[in-house]
Amino acid sequence: MDLVIRGARVVDGTGGPSYTADVGVHEGRIAAIGRLSGGRENIDAHGLALAPGFVDMHAHSDLALLRDPDHSAKAAQGVTLEVLGQDGLSYAPVDDRTLAGVRTAIAGWNGPGDDVDFDWRTVGEYLDRLDRGFGGEGVAVNAAYLVPQGTVRAHVVGWDDRPATAAELDRMHTLVADGLAQGAVGMSSGLTYTPGMYASGAELGALCRVVARYGGYYCPHHRSYGRAALAAYAEMVDLAREAGCALHLAHATMNFGENEGRAGELLALLDAALDAGADITLDSYPYTPGCTTLVALLPSWANAGGPEAVLARLRDDGGAERIRRALEQEGADGCHGVPVDWSTIEISGVADPAYAAHVGTRVDGWDTARRLLIGDRLAPTILQHVGHEENVRAIMRHRAHTGGSDGILQGAKPHPRAYGTFPHYLGHYVRELGLLSLEECVAHLSGRPAARLRLPDRGLVRVGHRADLVLFDPDTVAAGSTYARPRTLPTGIPHVLIGGRFTIRDGRRTQVLAGRSVRATGHVSR
């Protein structure tokens, strides 16, 4: 054995009872489990839990993995695999024109990318770029990718609010199929973000049929988390069922005052579909505020035409007044049909240092929001304090639940979920509240997401599986990140391995870059 981990409490990712054993690692895989002798290197793991590496089912590290070899925000949490390409907007497949628009549109999520060489255009080339990483050594953690439906629509149709022609739909089919053939695990949508939100149910269903052929899954940020949340969830369940496509609901929650205490209604909807044979999973983060870009709150018509068209409407007093009325009086679709309560909106990041004083403050009204959007060129990110703890707790206990940080790493004061999601589950909700057993929680964070991704040799502590492993202390593991100090690293996670190599050792980030692209293993049905 290259390494023997001795005396660990093995929490194997199945949800079954934990047990004490030695675990041997050889050539990047788990080679033996039991009472083992020998080993070129040995680690005393008495008092520690050994679990499969955690899978972040909803990550926004699309550029962070290429600009930050350390990436301790995720590595220190025990994350060994992130799923990128979320919410329908990312950086492949693109042409030069589409890339320019996307970079502006999601600068609040990933930064402008001025320090990244965008030397790819296809999904396969982006995954190759992750494999090359830094100096050909790879990146900090493994990464899978979803074809972003909004980017595909921008590529083919543009940023306008109109139906796709038959020829354009055929072209979108081809781009989605190409991305899946090149290794994407599914397709995402952001149906409160432009231009993905302009797609009809029929257009989305046609693309989902392509996803189903390749054995992938559809991951929508659906059309409302507010006033029409249940109808929006039902639309996605029906759409996926009609397309014959697996469904994974992104950052599944019930927000705003209209949905306080209504998580049970969502779970009843999902249980009925599951009992009828639907293939559905979901992810959530263990916090109540949401996080997005300030521009995302605007009504869809205000976003038509792309970022420059949005800025032109904001600069025009008449256009700005129409936007204000939609936000404050009517309830814009970008704000989930709920009139905006500015007191719930906290600025978490800006791109232009001239606006840094606004970070950490609540927006005091439309005039301030408009000035920030124009001056910072749509880049401000926000925390939106509209969640409910009872909903968060109910959803995380569901049989189809997985963990996802939705971690936006940009901004001076990002959401603490980016640095704390996984230890917060283990420390607060397992140890302190007893809401989940340790075994059940680990299954939510490892085995279940690996099954959704159809990865046959990841997500479990099992002989033959890849040695993507995390060792943590169940008595001390905790998120260090807070709303006041969101970039604080967790405690109680001394060791993390990817492919049998230590990325975290004795609580410190090593220089190992063991992360690679993780490509779909499904087969195409004709």
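Computed quantities for the displayed model
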quantity	calculated
Highest-first arrangement of 489-496, 51-58, 405-412, 365-372, where packing means the average Cβ count within 10 Å	51-58, 405-412, 489-496, 365-372
Simple label model, 7 Å out from Cα along Cβ direction - residue 181 to residue 308, nm	3.4 nm
In nm, spacing of pseudo-spin labels at residue 97 and residue 46 (7 Å Cα→C-beta vector)	6.8 nm
Residue-count net charge about residue 326 - beta-carbon cut-off 12 Å; Lys, Arg +1, Asp, Glu -1	0
Local electrostatic count at residue 464 - Lys and Arg +1, Asp and Glu -1, tallied over other residues with Cβ under 10 Å	+2
Pair residue 357, residue 170: separation of 7 Å Cα→Cβ label points (nm)	5.8 nm
Cα-based shape type of the range 298-381, given that a ≥ b ≥ c are square roots of the gyration tensor eigenvalues and the cut on a/c is 1.5	oblate
Gain on full stretching of the segment that runs from residue 268 to residue 374 - 0.36 nm per residue minus C-alpha separation	33.9 nm
Local net charge near residue 286, Cβ-Cβ under 12 Å (Lys/Arg +1, Asp/Glu -1)	-1
Estimated FRET transfer efficiency when R0 is 22 angstrom, pair residue 511-residue 115 (beta carbons, to 0.05)	0.65
Part-to-part distance (alpha-carbon centres) for the range 211-247 and the range 62-112, which is given in Å	23 Å
Residues whose placed amide H lies under 5 Å from that of residue 183, excluding near-sequence neighbours	520
Highest average packing first - 233-239, 312-318, 39-45, 104-110, Cβ atoms within 10 Å	104-110, 233-239, 39-45, 312-318
Linear extension gain, residue 275 paired with residue 231, 0.36 nm per residue minus alpha-carbon span	13.9 nm
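Every number here is computed from the coordinates shown, using simple stated rules; none is lab data. Fair warning: this is a prediction, and the values are worked out from it, not measured in the lab. Note that each Cβ is placed from the backbone with ideal geometry, even for glycine, and that neighbours are counted across all protein chains shown.
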